[in-house]
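Working notes, beginning with the structure itself.
The values are calculated or read from the model by the stated rules, or taken from the named source; none is laboratory data. Note that the coordinates shown come from a computational prediction; the quantities given were computed from them, not determined experimentally. When we count neighbours, we look across all protein chains shown, and the Cβ atoms used for this are built from the backbone with ideal geometry, even at glycine. The accessibility values were calculated without ligands, DNA or RNA, using every heavy atom of the protein model including side chains. Shrake-Rupley method; radii C 1.70, N 1.55, O 1.52, S 1.80 Å.
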Amino acid sequence: MYEQDSLFTLSPAGQAGVLAITAVLSVALLWLTYRLTRRRSPLIRVAIAAVLFALFIWLSPQIYYTYYLQIFDGLPVQWVIKWPDPGRLIRLITFQSQVSLSDHGKGALFWAMALLGLAAPRLTRR
C-alpha cells in the first residue's frame, strides 16, 4: 500500500531522521494535549486537541523542510507553510486523504490526541 511513499526515496539515514522528527513532534503534541486538557470539560478537551492538530498541520511542513535543507543539496530556503483548509483537516482525520504514511500517520495522531484529551482527567487521578 505504501510502496510509492516518498519516505522510501530517502536513504536509510534520511528515513531515520524523518522518523526521529516525527517521534519527537508526536510525543510533544501528546504531552501538550495532556497538559492542556486534563482539567477541562469534554467538549473543550476535544477542541483543544483539534486546535493543536491544526497547528501541527500548519507548522510541521516547515520543520520537515528545514530537515530536508540539511540532507538535500540545492533546495532553496523558503517558507512552505500555509494554513490548512478545514476540508483537508477533515479528510486527514477521516483517512480520506492521500494513501501515504504521512497522511495516515496524521490521522492516527489526531485520534490519539483526541482520545488522550478525553482520558486526561482519568489519567490525572491515578
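Residues checked against (1) closer than 26 Å to A119 by Cβ; (2) part of a helix (DSSP H, G or I); (3) without any contact (Cβ under 8 Å) to a residue 60 or more places away in the chain:
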residue	(1), (2), (3)
A13	no, yes, yes
A20	no, yes, yes
V24	yes, yes, yes
F53	yes, yes, no
D73	no, no, yes
W79	no, no, yes
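When Y64 is evaluated against the numbered criteria (1) farther than 25 Å from M1 by Cα; (2) in contact with a helix residue (DSSP H, G or I) (Cβ under 8 Å, 6 or more places away or on another chain); (3) not in a loop (DSSP other than H, G, I, E, B), which criterion, by number, is the only one it fails? Every condition holds for Y64 apart from (1).
Take the stretch 26-51 and flag every residue that is within 22 Å of P86 (Cα to Cα), open to solvent by 70 Å² or more (accessible area, probe 1.4 Å) and free of Cβ contacts under 8 Å to residues at least 12 places away in the same chain. Those that are within 22 Å of P86 (Cα to Cα), open to solvent by 70 Å² or more (accessible area, probe 1.4 Å) and free of Cβ contacts under 8 Å to residues at least 12 places away in the same chain: L43, I44, V51. Scanning the stretch 58-73 for residues that are closer than 17 Å to L29 by Cβ and open to solvent by less than 40 Å² (accessible area, probe 1.4 Å) yields S60, Q62, Y64. Scanning the stretch 89-104 for residues that are surrounded by 14 or more Cβ atoms within 10 Å (Cβ to Cβ) and in a helix (DSSP H, G or I) yields a count of 8.
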